[in-house]
Amino acid sequence: MTFIKIYRLLYLKVYSTTMQHKTTISNWIRFIVLGSFCWGTSYYWIKIALIEIGPLTLVALRITLASTVCWLWLLISKTPMSIPKNIVGRMTIIGTTNTAIPFSLISWGETRIDSGLTGLLTATVPLFTILLSHRFLKDDKITLPKAFGLLLGFSGVVLLLSRDLDIGKMQFNLWGQVAVIGATFCYSISSVYNRRFLQNQNPMVVTTYALSSATIIIWIITFFVETPITFPNIPMTWFAIVWLGLIGTTLAYPLMFGLIHSWGPTRATLVTYLIPITAVTLGVLALDEILDWIIVVGGVLVISGVATVNWRAWLPTLWQIFASKKDYPFVTK
């Protein structure tokens, strides 16, 4: 019950109107835990699990655990689980584009590329989201700063893709990088689709149904692609699966929802800056991955591009740190 109480506190804690935009210690704790502890470490644990099991089996076990815990949470918290019939299909689309496809592509990609590089490439989600939002959302168009940010970010992607041109590994590693970029594109599709069609639904209910549909889809594919399925025998592999299922998936959602409630959805995306830093650091220190100038420069370009397209999000945050509330012109009620 302790885990449920903590989970409920993280998800249901409501901030008053006066606290809506305030950068409190609890918000920064959520920010750091989410970016570094939950999502930033996921690429390391994926790499560990892939030593023993296949990428699809890993994804299937991970989201099976996550969806099971989500259902238990809904039952224990007595959250209404009924949903309109006309959005069941939409939740399946979310489960496919936000979980089934990207989780599979990232896990498969990590069989070919480093975990740190994977973390850097997934940081491009906001860049693809900007492109899709311009096309499909009326209130989110590309401006000059966003265009410059896109140029910076995708320049970094091109540089990262060219990393192995001189060492004869291009074909092997390139497909891994393309798979991860495909995953980020799927995340962007899911983000725009969710904003357009599922904005008024309970996020935990949407998450639970989406994870459940993704679980069914992945197990069907896994039985065809990775037969015979190899289940883990090593305790460390099971630990990696539990970490990815509980910490990297289930716990991450209430943290993100709480951050969105306090900071708003745009400022909450600042968490994407911590993920690649944590992923690269863990990869170098724990997995002996190579940190060369291409990773550094490419990473700086990608993060700079994301920062540029999201300047309206991080500038108020920095201002709030160094200025008093009365001098905080970016906050409006």
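The values are calculated or read from the model by the stated rules, or taken from the named source; none is laboratory data. All values reported here derive from a predicted model rather than from experimental measurement. Here the Cβ is made from the backbone with ideal geometry for all residues, glycine too, and neighbour counts use every protein chain on show.
Among all residues of segment 64-81, there is at least one that is more than 23 Å from the chain's Cα centre (by Cα) and polar (S, T, N, Q).
Can you tell me which of L132, L121 is within 27 Å of A49 (Cα to Cα) and either part of a helix (DSSP H, G or I) or modelled with pLDDT of 90 or more (or both)? Outline the logic, then answer.
Numbers: L132 fails: within 27 Å of A49 (Cα to Cα).
The unique qualifying residue is L121.
Looking only at segment 221-241, decide whether some residue is in contact with a Leu (Cβ under 8 Å, 6 or more places away or on another chain), modelled with pLDDT under 90 and crowded, with 18+ Cβ neighbours inside 10 Å. Within segment 221-241 (the criterion being in contact with a Leu (Cβ under 8 Å, 6 or more places away or on another chain), modelled with pLDDT under 90 and crowded, with 18+ Cβ neighbours inside 10 Å), the answer is no, since none of the residues qualifies.
For segment 280-295, a tally of residues being farther than 19 Å from S36 by Cβ and β-branched (V, I, T) returns 2. Restricting to segment 122-139, and then to whatever is touching a residue at least 40 places away in the same chain (Cβ under 8 Å) and over 12 Å from V306 (Cβ atoms), can you tell me which residue is surrounded by the most Cβ atoms within 10 Å (Cβ to Cβ)? Among them, the one singled out is S133. Could you list, in sequence order, the residues of segment 216-231 that are of a type outside the set (D, E, K, R) and in a loop (DSSP other than H, G, I, E, B)? Hits for segment 216-231 are T227, P228, I229, T230, F231. For the residues K78, K5, the requirement of being basic (K, R), surrounded by fewer than 15 Cβ atoms within 10 Å (Cβ to Cβ) and at pLDDT below 85 singles out K5.
Considering only residues that are among the small types (G, A, S) and either farther than 30 Å from Q177 by Cβ or at pLDDT 90 or above (or both), which ones fall in segment 8-54? Show your work before the answer.
Applying the first criterion (among the small types (G, A, S)) to segment 8-54 yields 16, 26, 35-36, 40, 42, 49, 54.
Of everything in segment 8-54, those that are among the small types (G, A, S) and either farther than 30 Å from Q177 by Cβ or at pLDDT 90 or above (or both) turn out to be S16, S26, G40, S42, A49, G54.
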